[in-house]
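I have placed the structure first, in the form of structure tokens, so that the comments after it can refer back to it.
The values are calculated or read from the model by the stated rules, or taken from the named source; none is laboratory data. What you see is a predicted model; the values in this text were computed from it and never measured. Accessible surface is based on the protein model in full, side chains and every heavy atom, while ligands, DNA and RNA are left aside. Shrake-Rupley method; radii C 1.70, N 1.55, O 1.52, S 1.80 Å.
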Amino acid sequence: MTIRPLVLAAAIVAGTLPGLGPVPAFAGAVAELHGAWRGCLHRSFGLQASLSGRMPAADAALRTCRDAEEAYLAALSASPLLDGDDVARVRPALLMRARDWLLGRRPSPI
């Protein structure tokens, strides 16, 4: 069974893997970093959206929260299931999903 890196990353954050059950304890740390990144995006977007349009606010939030994003992605790449190449490959799709989430185009969070 082949699992795509973005799906695998989401499973790690959720704490389970399809057909494999719970993942090791590092998933909790990854989930915390993911939550910190999402929280940063949400707060930054809310502040920026009140000052500018929604699209510039989404872009500004992604820039503002770059450190939190990098911490989250570094934790993912430390997983025994993903490597740095996998994370680099899915980063553009992850950022697109984050932008869509901020703009209300995606009902579920990133």
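Probing with 1.4 Å while keeping every protein chain in the model, the per residue accessible area of the stretch 28-102 equals 52 Å². Computed over the stretch 29-110, the quotient of the alpha carbon radius of gyration and 2.2 N^0.38 Å is 1.09.
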